[in-house]
Amino acid sequence: MKITIWFVLGIVFSSYINPKPSTTFIFIGIFFVAFIVTLYLSKKDFIQKIYFGIATYLLFFQIGCFTHVIHNEIYYENNYVHLIQNETDYYSVELVLREKLKGNAKIDKYIGLVKRINGKSCSGRVLIQIDKTNLDSKIQIGNNIQIYGKCFLNKISLNPNQFDYGHYLNNKSIYAQIYTNSNSINVGNKIDKNIWYYSDQLRNKIISNLQINNFSKDELQVVNALILGQQQNISKEILKDYQYAGAIHILSVSGLHVGFILLFISFLLKPLPKNKLGNSIRLFSIIICLWGFAILAGLSPSVIRSVTMFSFVAVGLHLKRSTNIFHTLLVSMFLILFFQPSFLFDVGFQLSYLSLFFILWLQPLISNLWTPKNKIATYFWDILTVSIAAQIGAFPLSIYYFHQFPGLFFITNLIIIPFLILIMGLGVLVMAMAAFDFVPMLTMKSLEFCIYYLNKIINWVSSFEEFIFKDIPLNWQTLFCLYLIIIAFVILFKKPTYPKIVFAFISILIFQSTLLITRWEIQKQQEFIVFNSWKNTLITVRNGDKVLVYGNKRTIDKLASNNVLKSYIIANNSSITGISKIQNLYYFNDKKIMVIDSFGVYSKQINPDIIILRQTPKINLERLIQVNQPKLIVADASNYKTTIQLWKSICIKKKIPFHATTEKGFYNVK
């Protein structure tokens, strides 16, 4: 456990510091020598000294740093990012398609492995977004394609407290995006027939056989997500229902599904004798079936992670040691992160391990509170206790990332888990038979019937929107304190003692202090922010937790659905206290801020500190600078890009700082 913790800390440290590979290599050599020396010295000590433990932890801390660095492909000399000099240029990119992602009605999204750019051999993963209009050729996984278009390196988040999609892609070793259409794509005859290709072909064959047999469209979407791990075609309405019902995890193949597969296969293999040979056959069969399911589900990172985790769980259960399961969990985490350290920053990875840990740690304690007298009550009691334990472990992290919590999760799980067991069993059976072009109508319709009523139940639970707690602000300090409280009270619950009671109440005091400090810091903050709002102007003035919003009619009319502003409000625990049209002049913290709109009318006697240009005003910028002598010029996303580039060149010539929100993101007046 200690080694894994220090290894994880090394990955986290490296992700923030971004050390050079040579630096980490030197330090890992130093700590390895220290480890060998202290190991030799510790053998001579009758009573062990602390220095060997410290050397071991530092070594694995540095191994974590080194692991993260060597998996950062941007340091590789042959990575394609070193060939992208200018984002305005067009490149000829040759690549092979590896994985299809969820797109929309107009765009298909794929992950591709780059082979060559402008004829130069290179490597790396890239996100491809293809306009589906007039796309005649059927593109499939394994296709070698040539694209002529622009390559855009990932950018930082352009608005405050917004989901950083560029950072998310970087963690997946995807450093650029290509936007293209059918006219710029040349699909080659060569197909890379690897495990991803055959996995995709198998899934397509299964879905095609189900469609031929008239499997209902909505139910097929859920089956495709539930069993095959493909959410590309699932409707927004179904996703929303599952999210509000607290059952969104069902539609993403994860630990829950793999756990059901493990139990299902274990049940089928129960007749095997419980001797050494029988147990070995049972373990080998379970692992083969789990990885077969992983291939069927597309070998996505979440599937590989879950199957790896439960493969180790299967080994732990095979060894029949009650304490071994926690060690097994840590070993699986260590090995997964050793081969793919970026998984540590994946929300699914964090939620999976937290949920499983709390199920193993907390569920037995809750279960012992009541012993039902019949098997049916015991079955539902076990479902309820597992759900509660998993939610206790996951809900602080869920609120931190998603800022909402479904209050009826326990009802959802009580109702749907019996359904899910049946659906998983039927689903795997139907998929296996469809893979061999055999789809018995009775079995298929039974699965369709179960999915139909599952969707109906989910829709009914999600209709109680008053039990969905939304827009909950939570920063990382409060998140840490919440987990401290949970851990303290679980320890107290196991065996109450006076020191444990004191620790539990101290954790509450720390949590309350964190809330008060956060509130106090928010109250003393003042911000004037120009957002990067596409084709619009959005300005906010925040004084503590009160926010004044300034925008045009279009911005104000769509304020309720403005996710950019919503993220900012939630993160700063604030509320909108006023909405107004954009003014021509603002005073903020002894600074004069002049706004010039499309009319191009401005005063020549104000001498503002900052000038904000919006809606592409027809002005002579050189004359404006000469007359007003501003210290800074800001251009928001409502201006034409060509005009922004012209203004930028003029400001460079005049040595005036220029901030374009489309390039640098939002501007905060300080």
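The rule of thumb for compact globular proteins, 2.2 N^0.38 Å, goes into the C-alpha radius of gyration of segment 89-232 1.13 times.
Rolling a 1.4 Å probe across all protein chains gives Arg116 an accessible area of roughly 90 Å².
Applying a DSSP loop filter and a limit of 12 other Cβ atoms within 10 Å to the trypsin sites (Lys or Arg not before Pro) in segment 282-368 leaves Lys320, Arg321.
Placing +1 on each Lys and Arg Cβ and -1 on each Asp and Glu Cβ, with no other charges, gives segment 500-571 a dipole about its Cα centre of roughly 200 debye.
Pairs from the list Lys470/Lys500; Lys618/Lys670; Lys470/Lys535; Lys100/Lys138; Lys2/Lys172 with a Cα-Cα gap above 23 Å: Lys470/Lys500; Lys618/Lys670; Lys470/Lys535; Lys2/Lys172.
With protein chains left intact and a 1.4 Å probe, residues in the chain average 53 Å² of accessible area per residue. With K and R counted +1 and D and E -1, the other residues having a Cβ less than 13 Å from that of Leu624 yield a net charge of +3. Using a 1.4 Å probe over the heavy atoms of the protein chains, calculate the carbon and sulfur portion of the accessible area of segment 39-187 as a whole percent. The nonpolar share, carbon plus sulfur, comes to 55 percent.
Computed from the C-beta positions of Lys102 and Ile191 and an R0 of 22 Å, the FRET efficiency is 0.40 to the nearest 0.05.
Set the bar at 20 Å for Cα to Cα. Now go through Lys631/Lys664; Lys102/Lys217; Lys641/Lys664; Lys102/Lys558; Lys566/Lys648 and name every pair that lies beyond it. Listed pairs above 20 Å: Lys102/Lys558; Lys566/Lys648. Kindly report, to the nearest 10 Å², the accessible surface of Trp6 as traced by a 1.4 Å probe over protein heavy atoms only. That residue has around 90 Å² of solvent-accessible surface. Sparse packing (at most 12 other Cβ atoms within 10 Å of the Cβ) combined with a DSSP loop state is found for the following chymotrypsin sites (Phe, Trp or Tyr not before Pro) in segment 434-470: Phe436, Phe438. Remark: the Ser208-Leu515 segment gains 105.1 nm on full extension, using 0.36 nm per residue and subtracting the alpha carbon distance.
Just need log10 I(q)/I(0) for the chain at q = 0.09, 0.12 Å⁻¹, Debye formula, equal scatterers on the alpha-carbon atoms, no solvent, rounded to two decimals. Each listed q maps to, in turn, -0.99, -1.58.
Using only DSSP helix segments of four residues or longer, with each worth -39500 (n - 2.57), what per-residue ellipticity at 222 nm results for the chain after dividing by its residue count and rounding to 500?
About -17500 deg cm²/dmol.
Per-atom-type breakdown for segment 198-320 gives carbon and sulfur 64% of the accessible area (1.4 Å probe, protein chains only).
The values are calculated or read from the model by the stated rules, or taken from the named source; none is laboratory data. All of these numbers come straight from a predicted model, not from anything done at the bench. Because the Cβ atoms are built from the backbone with ideal geometry, glycine has one as well, and the counts that use them run over all protein chains shown. With ligands, DNA and RNA removed, areas are computed over all heavy atoms of the protein, side chains included. Shrake-Rupley method; radii C 1.70, N 1.55, O 1.52, S 1.80 Å.
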